[in-house]
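Structure first, commentary second.
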Amino acid sequence: MEITEVPKHPLATARYQSPLRYPGAKSGLGRHIKTLVDKGSASLGRPQLLVEPFAGGASTALRLVGAGSVARVLLADADPLVAAFWQTAAADTEWLIDRMHDEPVTLERWDYWRRQRTAQLTCKEAAVKCLFLNRTTFSGILHGRAGPIGGRTQSGRYRIDCRFNKESLAQRLRFVGRLYDDGHIADVWCKDWSTTLCDVAEWYPMLLPDRVIAYLDPPYLAKSPRLYAVSFDPAGGYAASPQGIVGQAWEEGLAHYRLAHHLRTACRFRWILSYDHDPELTTNWLLYKADRMTPNPEDRRLLGIRAWYISKRLVNLHYTASGSGKRRLSEELLLTTLPSRRVPADDVLRPLVSRRPAEGLGSI
């Protein structure tokens, strides 16, 4: 059954919607993703599901569903702490708000939550830990060596509670809860990207291939390992993958190649991918040098995987990195299998290459 209504809430089109801050957060990226989705909808109809396998702060998903660009969203994250937060924020909103109001925002409580092992907490308490540390730690970093805002002395310009406006956070949490109650948040999964993409194809086969879009914002190809716990930092306390690779080996590049191979050959629905612009991404055949998807014949026949054209665009963004905390201008690479003729090519979304796909090569 399709969802046709648009969320009615004061924060539905607000600038800040997510209760979480996220390391590497990029100002303005959401509007570019929205442009791609809205233009693609002219050919495919409004997407009934947006999947965000690297949910993190979920700012893009919240923006698109709040604006009505997509009917509903599914959030997934491999970090149990982040997944627990979104599960509790969606399904137990008022409990989390009450618990947040009761929590003193002090250096002592920061030390307390840093000592707590996520695996030993209930889902609700893990959500409190996630929210507290995210709003009180430098750049919102949940794991690793990042310290509290204001440092141990709390003598600087900013103190530990400067990002913890409880009234504002309560409004954002209620927005999340309202989206869930109204069916605009379909579910929250604690799964990695690979399991998420495969399970979506099994859970929502009636929507494939054109009414589901995955938006993926994976870890940087070559940036600080301090940003991401599950991806980079074994000290975060998460187990190795079944292959024995800690955190799927993003820091060694292996997971980037796995992701690229899946998107280029096996994804059964449309996708949008955002990366910091590293030339290797579009010059390496094992990443995204190819101009279109190349599924094998058996998968095309049995699973209906398409040979969609891959459009490539560059946009200028301001982002906040862990380090100075200052906003910096950078180039972001956007790749998508949305209908190529609907993907804008202008001064904002700049083509990486000028040539168009040939007729009859999956370029619809």
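Structure notes:
- A Förster distance of 35 Å, applied to the separation of the beta-carbon atoms of Arg341 and Glu5, puts the FRET efficiency at 0.75.
- Shape category assigned to region 1-111 from the gyration tensor of Cα positions, a/c cut at 1.5: prolate
- Derived scalar couplings ³J(HN,Hα) [region 50-55; Karplus, 6.51 cos²θ - 1.76 cosθ + 1.60; whole Hz; x for Gly, Pro]: 10, 9, 10, x, 10, 4
- Cross-link pairs Lys34/Lys289; Lys8/Lys312; Lys8/Lys34 - those with Cα-Cα distance over 27 Å: Lys8/Lys312
- Calculated P(r) of region 14-74 - Cα pairs past 19 Å, %: 25 percent
- Look at the alpha carbon pairs under 8 Å that are at least 6 residues apart: their mean separation over the length of region 91-216 gives a relative contact order of 24 percent.
- Applying 1/(1 + (r/R0)^6) with R0 = 56 Å to the Cβ-Cβ distance of Thr294 and Thr153 gives a FRET efficiency near 0.50.
- Each peptide in 111-121, 96-106 gets a packing score, the mean of other Cβ atoms within 10 Å over its residues, and the list from highest to lowest is 96-106, 111-121.
- Region 1-125, relative contact order [Cα under 8 Å, separation at least 6], %: 26 percent
- Proximal aspartates and glutamates to Lys124, defined as alpha-carbon separation beneath 16 angstrom and excluding residues fewer than eight positions away on the same chain: Asp79, Asp92, Glu94, Asp98, Asp102, Glu103
Where a number appears in this text, it was derived from the coordinates with a stated rule and is not lab data. Since the model is a prediction, treat every value here as computed from it, not as a measurement. Note: ideal-geometry Cβ built from the backbone for every residue, glycine included; neighbour counts use all protein chains shown.
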